[in-house]
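One structure is given here, and the rest of the page talks about it.
The values are calculated or read from the model by the stated rules, or taken from the named source; none is laboratory data. What you see is a predicted model, and the numbers here were worked out from it, not measured in a lab. Note that each Cβ is placed from the backbone with ideal geometry, even for glycine, and that neighbours are counted across all protein chains shown.
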Amino acid sequence: MRSPYTLDNPPPNEPPSEVLVPSLWRVQVRWWNRHTPSLDQRGVKHPVCGHCAQTWPCHSWACWDGQLGQAVGPRAEQAAPKAAPAANLPAPSRALALGSALAAHAAKA
Ligand SMILES: [Zn+2]
């Protein structure tokens, strides 16, 4: 599984709350960062890894990225259905706000 992280949005050194083994996370992040292109390789058409000099994304980076993806992934999927009902909440509260706005108008008139 790919992680949600990219070169522009690298994984944080401190593990997100859903990570089960924080010490493992820090190791994975260290290696993830090692197997990224060096700064002068960023933005070139075919960057190479700054650590192993393979064409990037190199095999090692893909492995570490997959582990980070697993560390954050399953929990993120579990959170998604929980977020869905919350997304429906604004509708009734908007209706309430509209209702009280109408009441305010009515009171003025
Ligand atoms: Zn590499």
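Numbers at a glance
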{"item": "Which listed residue, of N33, N9, is part of a loop (DSSP other than H, G, I, E, B), at pLDDT 95 or above and of a type in the set (S, T, N, Q)", "result": "N9"}
{"item": "Restricting the range 3-29 to residues that are among the charged types (D, E, K, R) and surrounded by 13 or more Cβ atoms within 10 Å (Cβ to Cβ), the residue that is nearest to W64 (Cα to Cα)", "result": "R26"}
{"item": "Subset tally (residues that are modelled with pLDDT of 95 or more and either surrounded by 13 or more Cβ atoms within 10 Å (Cβ to Cβ) or within 17 Å of P11 (Cβ to Cβ) (or both)) for the range 36-58", "result": "12"}
{"item": "Residue count for the range 23-45, restricted to those that are in contact with a Ser or Thr (Cβ under 6 Å, 6 or more places away or on another chain) and more than 9 Å from the ligand (Cβ to nearest atom)", "result": "0"}
